[in-house]
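Q: What follows is a structure written as structure tokens; I'll ask about it next.
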Amino acid sequence: MIAAYIDEIIMFCAGLWMTSVGFGYVQLSGNPATRPPWVTTLSGHFKWMGPLLLVIAAALAIAS
């Protein structure tokens, strides 16, 4: 049971991070000029993956 709560907390924190990177509140580390092109595409997908992860974490927290 405690493992489920820890998993939900980690999922919620990852969702917050993904959302903040996707909407530009937090920048990815490193030099943007040397990043591979897939990193820019991935951070664009964080705009929808982050909130989705937050909803999943909240649903699991309510269900448990």
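The values are calculated or read from the model by the stated rules, or taken from the named source; none is laboratory data. Computed from a predicted model, the values in this text were never measured in an experiment. The accessibility values were calculated without ligands, DNA or RNA, using every heavy atom of the protein model including side chains. Shrake-Rupley method; radii C 1.70, N 1.55, O 1.52, S 1.80 Å.
Q: Rounded to the nearest whole Å², what accessible area per residue is found for the chain with the 1.4 Å probe?
A: 72
Q: So what is the calculated 222 nm ellipticity per residue for the chain, using -39500 (n - 2.57) for each DSSP H run with n of 4 or more, over all residues, to the nearest 500 deg cm²/dmol?
A: Details: 2 runs with 48 residues, N = 64.
After summing the helix terms and dividing by the residues of the chain, the value is -26500 deg cm²/dmol.
Q: When the Kirkwood hydrodynamic radius is evaluated over all pairs of different C-alpha atoms of the chain, what value in angstrom, to one decimal, is obtained?
A: Evaluated over the chain, this radius sits at 12.6 Å.
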